[in-house]
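The values are calculated or read from the model by the stated rules, or taken from the named source; none is laboratory data. Quick caveat, the model's predicted, so the values are computed rather than measured. With ideal geometry, Cβ positions are generated from the backbone for all residues, glycine too; neighbour counts draw on all protein chains shown.
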Amino acid sequence: MTEPADRAVRASGSEGPTGADARLHGYIAELFCAEDELLAELREELEERGFPTIQVPAITGKTLQVLVRAAGARKILEVGTLGGYSAIWMGRALPADGELVTLEKSPEHAALAREFVERAGLDGKVSIRVGDARELLPEVDPDGSFDAVFLDADKESYPLYLEEAERLLGPGGLVLADNALWKGKVLDGGGSDADRGIREFNRLLSESPAFTAIILPVGDGVAVGVKG
Ligand code: SAH
Ligand code: DHB
Ligand code: MG
């Protein structure tokens, strides 16, 4: 693997397709999804601190950025901050008066995210709330006030998070979810609570009369549902 497209596949982390699809993914990533120094440093910092390196790949970050910009989003909610990698991608797509609220249960992850959000110059737009999203979400209001909700925390709670997203989104708002293909595990029956959570989320989203939805086969799968 020496071609630029192959290098881009590696830089995007372990998530994503293998074989011929991976090289096409790499082609897209190389052309459209270059990280700046700050995002690359954040990925390294996660590794150095021994935190999970499960941030979205750059191709997913850029996809989120394009989608929130297409939706004209001014107010975004994220569930699962980690070090702020995806929050920075989306935060950069916000207008001057835009805001992104992100929920994170680990104070250590939230502290790293604060550091990088500030260095990205996004501390005026991005606010990080520490706690379990299952408890914090019911307190988030008002209903219908968000233009996009991005789900990327505990997979077993995705079905619950979908209900909260439906409540919080206004007309035309986007529900977005990472790991909708779950490294292929959506194809198997049974499995862990996380496996079942993702499959149930996908089924609920596909059948929901509230959303027009699809899964984009980008990274580990990005579910997209437009409300209304
Ligand atoms: N969106 C991030 C990656 C998130 S990884 C990025 O792409 O950069 C998942 C994060 O969700 C972890 O930091 C984990 O601590 C957090 N998390 C897991 N369960 C949670 C819960 N119930 N409430 C809030 N955060 C949770
Ligand atoms: C994993 C990957 C993710 O993108 C995520 O949000 C959670 C877990 C994983 O590989 O286990
Ligand atoms: Mg994820």
_Test: residue in the range 204-214 that is in contact with a Pro (Cβ under 6 Å, 6 or more places away or on another chain) and either without any contact (Cβ under 8 Å) to a residue 24 or more places away in the chain or within 16 Å of ligand 2 (Cβ to nearest atom) (or both)_ = no
_Need the failing condition index for SER145 against (1) within 13 Å of ligand 2 (Cβ to nearest atom); (2) surrounded by fewer than 24 Cβ atoms within 10 Å (Cβ to Cβ); (3) of a type in the set (S, T, N, Q), just the number._
(1)
*Do we have PRO171 as in contact with a strand residue (DSSP E or B) (Cβ under 8 Å, 6 or more places away or on another chain), free of Cβ contacts under 8 Å to residues at least 60 places away in the same chain, exposed (fewer than 13 other Cβ atoms within 10 Å of the Cβ) and not aromatic (Phe, Trp, Tyr) here?*
yes
_Sole residue being touching a helix residue (DSSP H, G or I) at 6+ places or on another chain (Cβ under 8 Å), away from ligand 2 (no atom under 13 Å from the Cβ) and hydroxyl-bearing (Ser, Thr, Tyr), chosen from THR102, THR63, THR81, THR53_ = THR102
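If you go through the range 137-156, how many residues are within 8 Å of ligand 1 (Cβ to nearest atom), within 17 Å of LEU169 (Cβ to Cβ) and not in a strand (DSSP E or B)?
Pass one, the range 137-156, residues within 8 Å of ligand 1 (Cβ to nearest atom): 150, 152-154.
So of that shortlist, the ones also within 17 Å of LEU169 (Cβ to Cβ) come out as 150, 152.
From what is left, the residues that are not in a strand (DSSP E or B) are 152.
Result for the range 137-156: 1.
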*Single residue of the range 14-50 satisfying the filter (touching a residue at least 40 places away in the same chain (Cβ under 8 Å) and basic (Lys, Arg)) that is farthest from ligand 2 (Cβ to nearest atom)*: ARG49
*Provide a single number: the residues in the range 16-37 that are loosely packed, with under 13 Cβ neighbours inside 10 Å and within 28 Å of ARG114 (Cβ to Cβ).*
2
*Give the residues of the range 165-196 that are within 13 Å of ligand 1 (Cβ to nearest atom) and either over 19 Å from ILE214 (Cα atoms) or assigned to a strand (DSSP E or B) (or both), sorted by residue number.*
LEU176, ALA177, ASP178, ASP193, ALA194
*So which residues in the range 34-71 are of a type in the set (D, E, K, R) and closer than 21 Å to LYS105 by Cα?*
ARG43, GLU45, GLU47, GLU48, ARG49
*Are any of the residues in the range 43-59 among the aliphatic types (A, V, I, L, M) and exposed (fewer than 14 other Cβ atoms within 10 Å of the Cβ)?*
no
_Scan the range 188-201 and tell me whether some residue there is within 18 Å of ILE54 (Cα to Cα), surrounded by fewer than 18 Cβ atoms within 10 Å (Cβ to Cβ), aliphatic (A, V, I, L, M) and more than 15 Å from the chain's Cα centre (by Cα)._
yes
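Table: residues versus (1) within 16 Å of ligand 3 (Cβ to nearest atom); (2) at pLDDT below 95; (3) assigned to a loop (DSSP other than H, G, I, E, B).
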residue	(1), (2), (3)
ASP6	no, yes, no
SER14	yes, yes, yes
PRO17	yes, yes, yes
ASP21	no, yes, no
ILE28	no, no, no
GLU41	no, no, no
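For the range 74-111, which positions are closer than 13 Å to LEU39 by Cβ, surrounded by 20 or more Cβ atoms within 10 Å (Cβ to Cβ) and not β-branched (Val, Ile, Thr)? Steps first, answer last, please.
First pass over the range 74-111, keeping only residues closer than 13 Å to LEU39 by Cβ: 82-92.
Filter once more, keeping what is surrounded by 20 or more Cβ atoms within 10 Å (Cβ to Cβ): 82-91.
Result: LEU82, GLY83, GLY84, TYR85, SER86, ALA87, TRP89, MET90, GLY91.
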*Only residues that are within 12 Å of ligand 1 (Cβ to nearest atom) and assigned to a strand (DSSP E or B): list them for the range 62-75, please.*
none
